[in-house]
Amino acid sequence: MSDPAPAATQSRAHAPVPPILEFEGVRVEASLPHESMLAGVSFALRPGELLLVLLDRDHLHVPLADAAAGLVIPNHGTVRFEGRPWRNRPAGEAARARGRIGRLFDEVAWVSNLTIEENLTLQQRHHTRRSVEELREEAAALAARFRLPGLPLGRVEQHREQDLLKAACVRAFLGEPVLILLERPARQIYAEVMPALVNTVQEARDRGAAVLWTTSNRRVWEDPGVRPTHRAQIAGVRWHLCESDAATFPLSTCQ
C-alpha cells in the first residue's frame, strides 16, 4: 500500500497563495466634498501582483487606498489585509499591520515639526527595532535611485516640490513593505520619476510585495514598463475590472 504522505505534500505545494489584499463588494460613501464615493469594488491581490487603476476624475480624492490600509471602514462589504478584515482588528493590531504597508499619498503630507529624514524613517522607527543608521543607509540608497542629490535633510519648507515628491517615493518603499499603495505617484513629475518608479516596483514585486497603483494619467496607463497583473477603471463611482492574468477575475474591456 502506497504512502499517502507525498500526495498530501504535493497538494499543499499547489495550494493557492492567499491574497495580501482583498476587497469584497466594497462600498465607501464620500465623507468630504472633494472625495468620490466607491461602489461595487471587488478584487484580490496576491504576492507579486500589481493592480493598475485608471481614475476618470483628477480633481477628486478616491478613498481606495484609505480603505486598503484600514483607515476607512466600508459602509458595505469587506476589506481584508493578509487574510483578516480590518473591521475585526483591535487598534493595536491594526497599527502593527499598517507598519507592513508602504504608501505614497494622493496629497503628499509631511509632519511639519519633523525634518524630512525624520518623516521618511518615522514609520520604521515606530514599528521596527532597526537602527537609525540602518534606516538612513536604506533611505539614502532609495534617494539616489529616485535622482535625489542625497538623503533630504532639514525642514519641508527648505526643499523644492519636485524633490519632496521624490522623497515621498522613498518613504513608500522604505522597509520592504508587503503591500505598496501608490496614489497617482507620477502625476507631476512623470519624466523624472517614472523609470526609477517602474524598476523599484518590479523589484518589490519580485520579492513578493503586492502593489495597488492608481493614476489619472493615460501615459502611465499605457506605459509598457508598468506590467500590471490586473487593470481596472473607476468611472464616476463605479468599479470596472478590465483584464487579468488570473482566471478568478471576470474579463471586460476598458477604453
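All of the numbers you see were taken from the coordinates with simple rules; none came from a lab. Just so it is clear, the structure is predicted and the values come from calculations on it, not from any experiment. Note: ideal-geometry Cβ built from the backbone for every residue, glycine included; neighbour counts use all protein chains shown.
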Out of 120, 139, 108 - ranked by how far each Cα lies towards the positive end of the dipole of segment 102-153, with unit charges on the beta-carbon of charged residues - the top one is 139
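Return a whole-number percent for the relative contact order of the chain, with Cα pairs under 8 Å and 6 or more residues apart as the contact set.
The value is 25 percent.
Tell me, in nm to one decimal, what length is gained between residue 141 and residue 155 on full extension, where the rule is 0.36 nm per residue of separation less the Cα-Cα distance? Write out the running numbers ahead of the final one.
On the way: separation 14, 0.36 × 14 = 5.04 nm, distance 2.02 nm.
Value of the extension gain: 3.0 nm.
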For segment 43-55, in residue order, the Karplus 3J(HN,Hα) values (coefficients 6.51, -1.76, 1.60; θ = phi - 60°; whole Hz; Gly and Pro = x) are 6, 9, 10, 9, x, x, 9, 10, 9, 9, 10, 8, 9
The distance between the Cα centres of segment 140-196 and segment 38-69, in whole Å, is 21
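Determine the dipole magnitude for segment 111-255: charges of +1 sit on the beta-carbon of Lys and Arg, -1 on that of Asp and Glu, nothing else is charged, the reference point is the Cα centre, and the result goes in debye to the nearest 20.
280
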Non-local residues with an amide H under 5 Å from the amide H of residue 216, with H modelled 1.01 Å from N and Pro and chain starts lacking one, are 55
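Divide the volume of the convex hull of the Cα atoms of segment 17-244 by its number of residues and quote the answer in cubic angstrom per residue. Before the final figure, lay out the partial values.
Numbers: hull volume 28.5 nm³, N = 228.
In segment 17-244, the Cα convex hull volume per residue is 125 Å³.
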Distance in nm between residue 206 and residue 78 label points, each 7 Å along Cα→Cβ, equals 3.6
Counting only backbone N atoms under 20 Å from a point 7 Å out along Cα-to-Cβ of residue 131, the residues of segment 81-119 in range are 117-118
The size of the Cβ-based charge dipole (Lys, Arg +1; Asp, Glu -1) of the chain about the Cα centre, to the nearest 20 debye, is 280
Candidate cut points under trypsin sites (Lys or Arg not before Pro) in segment 57-100, DSSP loop plus at most 14 other Cβ atoms within 10 Å of their own Cβ, are 57
For residue 89, placing the label point 7 angstrom along Cα-to-beta-carbon and taking segment 106-128, residues whose amide nitrogen sits under 14 Å are 127
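Please report 37, 194 as a ranked list, fewest other C-beta atoms within 10 angstrom at the top and most at the bottom. Could the numbers behind the result be given before it?
Working: 37 15, 194 18.
Fewest-to-most ranking of 37, 194: 37, 194.
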